[in-house]
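First up is the structure itself, then whatever we jot down about it.
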Amino acid sequence: MTQIARQDERARYHRLGCAAVIGCVALCASALTPARAQSADDQVQKYGCAACHAVDKKVVGPSFKDVAAKYRNQAGAQKQLVAKVKNGGSGVWGAVPMPPNPTVPDADLNAIVKWILAQK
Ligand code: HEC
């Protein structure tokens, strides 16, 4: 293969690659709309909750399964827990306090708490 032909080849693959990426982004975006692009699982990582919480074991804070079980039949739990995570506090699961998390946007926090309460 000549030098020119090889460069030509590379350019062709590059264009193909770009088209594939653009096509995938478009496809993924449409597949995820109107669902949130990020799962609650990712958000728990992103906002640092995962440093103290796991789904099925106690870390610093209670496991999300334990939280879900505790509030399963409690009306208003969603709202109450959103406020608790935002403001922090202690005394429900022990003496160790949860620090406030005021920077998590309401929409994300609501989605995270909904996801926590759905754990079984
Ligand atoms: C520094 C550790 C830490 C971080 C970070 C943390 N938590 Fe907690 N979390 C705790 C502790 C400790 C408790 C138990 C508080 C208590 O006993 O009242 C708790 C309790 C909870 C509860 C149950 C509250 C209740 O009153 O029953 C939920 C829900 C919760 N956390 C969600 C979150 C979410 C969502 C995030 C991330 C935005 C987060 N936590 C970040 C330590 C943490």
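Values in this text are rule-based calculations from the coordinates and carry no lab data. As the structure is a prediction and not an experimental result, all values here were calculated from the model. Counting neighbours? That spans all protein chains shown, and the Cβs are built from the backbone with ideal geometry, glycine included.
Just a few scattered comments:
- Rounded to the nearest 20 debye, the dipole magnitude of the stretch 39-120 is 280 debye, with +1 charges on Lys and Arg beta carbons, -1 on Asp and Glu beta carbons, and the Cα centre as origin.
- Phi-derived couplings, Karplus 6.51 cos²θ - 1.76 cosθ + 1.60 at θ = phi - 60°, listed residue by residue for the stretch 99-106: x, x, 10, x, 8, 6, x, 3 Hz, with x used for Gly and Pro.
- For the stretch 115-120, the Karplus equation 6.51 cos²θ - 1.76 cosθ + 1.60, evaluated at θ = phi - 60°, returns couplings of 5, 4, 5, 8, 5, 10 Hz by residue, with Gly and Pro reported as x.
- Gyration tensor (alpha-carbon) shape descriptor, the stretch 39-120, a/c threshold 1.5: rounded
- Electrostatic tally near ALA50: other residues with Cβ closer than 15 Å to its Cβ, Lys and Arg +1, Asp and Glu -1, net 0.
- Rounded to whole numbers, the Karplus 3J(HN,Hα) couplings from phi for the stretch 70-75 are 5, 9, 3, 10, 9, 5 Hz, using 6.51 cos²θ - 1.76 cosθ + 1.60 with θ = phi - 60°, and x at Gly and Pro.
- For VAL104, the amide hydrogen comes within under 5 Å of no other amide hydrogen, counting only partners 5 or more places away or on other chains and with H modelled in the peptide plane.
- In straight-distance terms, cross-link reach from LYS86 covers every one of the aspartates and glutamates whose alpha-carbon lies under 20 Å from its own, apart from those fewer than eight places away in the same chain; here that gives ASP41, ASP42, ASP66, ASP106, ASP108.
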